[in-house]
Amino acid sequence: MNATSSVLAVADRESGTGNLYVYASFQPPGSDAFHNKLLVSNPGEFEAGSVVGGIDHEGQDLAAAFADYDNDGYQDLFIATTQGILIYRNQGDGTFSKVTDKTGLQNTGNATKLLFADFDQDGDLDLYVSEKMVEISFTEITATVLLQNRRQ
């Protein structure tokens, strides 16, 4: 299938098993609608992932990543859109729930890259966000933000 815009994120669901989480978002040519899918692999097949309330949001997807931001052992899904960064917390029982409003990331629009690492070496993941901005002169620049995990 051809797409005018697409985002893909993949994570190991259970360490060493080969089972995966796959998030895909795409906009078919000639369509204004985006299609968002969270898939869970089991040996030999993929099935739709369960998201409380579904994955349905405003704005265009720009990036996505999986990371265990709360150190509970489960990969959580982060989606950067033109309307902010959305977080779907992995409940550990095969379902995800949206927790964006509790994080303060909903106002981070136009993030084009999400990178997780322990930048400050304190034992938890921090989020590095790169945003694409357009100035009045219409020249493109990139702004970056490091959001440290304070476990609050």
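The values are calculated or read from the model by the stated rules, or taken from the named source; none is laboratory data. Keep in mind the model is a prediction, meaning the values are calculated, not measured. Every residue, glycine among them, receives a Cβ derived from its backbone with ideal geometry; neighbour counts consider all protein chains shown. Side chains included, ligands, DNA and RNA excluded: accessible areas come from the protein's heavy atoms. Shrake-Rupley method; radii C 1.70, N 1.55, O 1.52, S 1.80 Å.
Numbers at a glance
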quantity: Residue count, segment 40-60 (criterion: in a loop (DSSP other than H, G, I, E, B), touching a residue at least 40 places away in the same chain (Cβ under 8 Å) and open to solvent by 90 Å² or more (accessible area, probe 1.4 Å)); calculated: 0
quantity: Tally, over segment 75-88, of residues that are out of contact with any helix residue (DSSP H, G or I) (no Cβ under 7 Å at 6 or more places or on another chain), open to solvent by 10 Å² or more (accessible area, probe 1.4 Å) and modelled with pLDDT under 90; calculated: 2
quantity: Hey, Gly49 modelled with pLDDT under 80 and within 15 Å of the chain's Cα centre (by Cα) or not; calculated: yes
quantity: Filter pass, Val134 being modelled with pLDDT under 80 and among the aliphatic types (A, V, I, L, M); calculated: yes
quantity: Any chance Ala67 is of a type in the set (A, V, I, L, M) and either buried (at least 16 other Cβ atoms within 10 Å of the Cβ) or at pLDDT below 80 (or both); calculated: yes
